[in-house]
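The values are calculated or read from the model by the stated rules, or taken from the named source; none is laboratory data. All values reported here derive from a predicted model rather than from experimental measurement. Note: ideal-geometry Cβ built from the backbone for every residue, glycine included; neighbour counts use all protein chains shown.
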Amino acid sequence: MPVTTAQFKNGMCIQHEGKRWVIIEFQHVKPGKGGAFVRTKLKELESGRVVDYTFRAGEKFDDVRVETKKMQYLYNDGSTYYFMDNTTFEQIELDRDFVGDGAKWLKENDEVEVLTADGEYMGVEPPMFVELEVVETDPGFKGDTVQGGTKPATLETGAVVQVPMFVNPGDRLKIDTRDGRYITRV
C-alpha cells in the first residue's frame with residue numbers, strides 16, 4: 001500500500017531505491033519560495049547505515065510491514081547464532097554479520113526481538129538492559145569513589161564497557177545496550 005510523505009512517522013518502514021528503510025526522524029519544510037519538501041534521516045534495514053534524504057512533498061513510497069518476534073537466543077558456534085521461537089519452538093540460524101553489533105550483549109537463554117519484514121528476517125534487537133558479570137578489569141585503589149574516573153571492563157559476553165573505579169571482577173552490572181553505558185551494580 002503506498003504512503004506519502006504526509007503520512008511519515010518515526011519508526012515507519014518504507015521501500016526506496018529498492019531497499020528497505022526505517023524513518024529515524026523527519027521534518028516537513030515549506031520555504032517562502034518553491035515547493036514544500038521533507039528532510040529525513042533514514043536507516044537501511046539490511047546494512048544498518050544511516051543517511052539523510054530530502055523528498056518532495058507528496059512523493060509516494062511502498063509501505064513495508066515490519067513485525068517483531070520474541071525469540072530465545074540459544075547459542076553460537078562462532079559464525080552462526082541460533083534462536084528459537086518461543087511459541088512454535090522452531091529454530092533459526094543467523095550469521096554473525098547479520099546479528100551485528102548486538103551480538104556482544106547476547107547471553108545464552110536471553111529473550112531478544114527478531115525483526116521481520118515481508119516474511120524475511122531483517123535484524124536482531126537485544127534487550128534494552130542486560131545484567132552481565134565482569135570477567136576482567138584493572139583493580140580499584142583505596143580512595144577511589146563514584147566521582148572518580150572510569151576504567152575499561154570486559155564482560156562475560158566479550159563486550160568492553162567503561163565502568164567506575166570501584167567495580168571489580170565478579171561484579172554483576174546492569175548495562176544499557178543502546179549505547180553500551182554502565183547503569184549500576186546489581
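Going by the conditions given, is G78 small (G, A, S), out of contact with any Lys or Arg (no Cβ under 7 Å at 6 or more places or on another chain) and within 16 Å of E120 (Cβ to Cβ)? Give the derivation first.
Values: small (G, A, S): yes; out of contact with any Lys or Arg (no Cβ under 7 Å at 6 or more places or on another chain): yes; within 16 Å of E120 (Cβ to Cβ): no.
No: the conditions fail for G78.
Give the number of residues within segment 82-102 that are under 12 Å from K69 (Cα atoms), of a type outside the set (A, V, I, L, M) and either in contact (Cβ under 8 Å) with a residue 24 or more places away in the chain or part of a strand (DSSP E or B) (or both).
Residues in segment 82-102 being under 12 Å from K69 (Cα atoms), of a type outside the set (A, V, I, L, M) and either in contact (Cβ under 8 Å) with a residue 24 or more places away in the chain or part of a strand (DSSP E or B) (or both): 3 in total.
Step by step: first the residues of segment 114-126, then only those that are under 10 Å from the mean Cα position of the chain (by Cα) and surrounded by 17 or more Cβ atoms within 10 Å (Cβ to Cβ), then the one that is farthest from L155 (Cα to Cα). Which residue is that? It would help to see each step written out before you state the result.
So the first thing to find is which residues in segment 114-126 are under 10 Å from the mean Cα position of the chain (by Cα), and the list is 123-126.
Add one more test, that the residue is surrounded by 17 or more Cβ atoms within 10 Å (Cβ to Cβ), and what stays is 123-124, 126.
Numbers: G123: 23, V124: 20, P126: 16 Å.
Out of the qualifying residues, it is G123.
Scan segment 9-33 and report the pairs whose first residue is assigned by TED's automatic domain parsing to the domain that holds R56 and whose second residue is in a strand (DSSP E or B) and polar (S, T, N, Q), with Cβ atoms within less than 9 Å and a gap of 6+ or a chain change.
Final answer for the pair search is W21/Q15; W21/T40; I23/T40; I24/T40; E25/T40; F26/T40; Q27/T40; V29/T54.
Kindly list the number of the only condition in (1) under 18 Å from N10 (Cα atoms); (2) part of a loop (DSSP other than H, G, I, E, B) that fails for V51.
Checking V51 against (1) under 18 Å from N10 (Cα atoms); (2) part of a loop (DSSP other than H, G, I, E, B), the one that fails is (2).
Under the condition of being of a type outside the set (A, V, I, L, M, F, W, C) and over 14 Å from Y75 (Cα atoms), which residue from segment 103-125 is modelled with the highest pLDDT?
Narrowing segment 103-125 to residues of a type outside the set (A, V, I, L, M, F, W, C): 104, 107-111, 113, 116, 118-121, 123, 125.
Filter once more, keeping what is over 14 Å from Y75 (Cα atoms): 113, 116, 118-121, 123, 125.
Working: E113: 89, T116: 83, D118: 74, G119: 76, E120: 78, Y121: 81, G123: 78, E125: 84.
Only one residue fits best here, namely E113.
What pairs come up if the first residue lies in segment 36-56 and is surrounded by 15 or more Cβ atoms within 10 Å (Cβ to Cβ), the second is among the basic types (K, R) and at pLDDT 85 or above, and their beta carbons are under 9 Å apart, counting only those six or more places apart or on different chains?
Partner pairs satisfying both residue conditions: F37/K30; F37/R56; V38/R56; E44/K19; E44/R20; L45/K19; L45/R20; F55/R39.
Has segment 69-79 got at least one residue that is loosely packed, with under 12 Cβ neighbours inside 10 Å and more than 28 Å from K174 (Cβ to Cβ)?
Yes, some residue in segment 69-79 is loosely packed, with under 12 Cβ neighbours inside 10 Å and more than 28 Å from K174 (Cβ to Cβ).
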